[in-house]
Amino acid sequence: MTRPIQVAILPALAAALFFSLAALASQRGEMSELKRMSQSEYRAEVAQLVVSDPEYLRRLEEQSRPNALVTVTAYNADPAQTDSDPDIAASMRRVRPGTIAVSRDLFDRGWVFGRKVRLEGIGIYEINDLMASRHNHAIDIFIQNNSQALAFGKRRIKAALLNI
């Protein structure tokens, strides 16, 4: 009687083992793909997944309350608007779209490099640079095109430091 049970169980166990090995191989492939990515590429991919989730954005909007009323302007990588190396931010990373510079008073209050900021009606940005010390309660959005940066102008906007 035990022999027919063993005969029936063995194929099921073999199938389970086969599918387990296939799943492990698939995970190994995904892991090796992640290992090939640089840390910044990996973070960018994760950030894209997080920020594109509408439910996550809705909850984020509900939890984030404006922390400061700031003056928002725009800049680009023009030596006249920056220091001698316009392509490198104060964080020692390259300036790029989706990043902002904050005034030093905000930086001293915890608005530091890598943190995310929601600018009401504009979007979510990452702090990557510092503004000149003459600015207070101010944020500068990096915009690649000079004419678009000028067209942005100067605005008073509610800004919230996010916990993401």
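The values are calculated or read from the model by the stated rules, or taken from the named source; none is laboratory data. Only a predicted model underlies this, so the values are computations on that prediction, with no experimental measurement involved. We place every Cβ from the backbone using ideal geometry, glycine too, and count neighbours over all the protein chains shown.
If I filter the stretch 61-68 for residues that are among the polar types (S, T, N, Q), out of contact with any His (no Cβ under 9 Å at 6 or more places or on another chain) and modelled with pLDDT under 80, do I get at least one hit? Within the stretch 61-68 (the criterion being among the polar types (S, T, N, Q), out of contact with any His (no Cβ under 9 Å at 6 or more places or on another chain) and modelled with pLDDT under 80), the answer is yes, since at least one residue qualifies.
Candidates Leu119, Leu106: the one that is crowded, with 19+ Cβ neighbours inside 10 Å, modelled with pLDDT of 90 or more and either out of contact with any Phe, Trp or Tyr (no Cβ under 9 Å at 6 or more places or on another chain) or of a type in the set (Ser, Thr, Tyr) (or both) is Leu106. Taking the listed residues Val112, Val95, the one that is closer than 16 Å to Asn67 by Cα and in contact (Cβ under 8 Å) with a residue 12 or more places away in the chain is Val112, with no other qualifying. Residues in the stretch 69-81 that are crowded, with 19+ Cβ neighbours inside 10 Å and at pLDDT below 70: 0 in all. Search the stretch 128-164 for residues being charged (D, E, K, R) and surrounded by 11 or more Cβ atoms within 10 Å (Cβ to Cβ), and hand back the single one that is farthest from Leu106 (Cα to Cα). Ranking the qualifying residues of the stretch 128-164, first place goes to Arg155. Taken together, the residues in the stretch 92-103 that are modelled with pLDDT under 90 and over 15 Å from the mean Cα position of the chain (by Cα) amount to 1. Checking each residue in the stretch 115-143 for being over 18 Å from Ile157 (Cβ atoms) and without any contact (Cβ under 8 Å) to a residue 24 or more places away in the chain picks out Ala132, Arg134.
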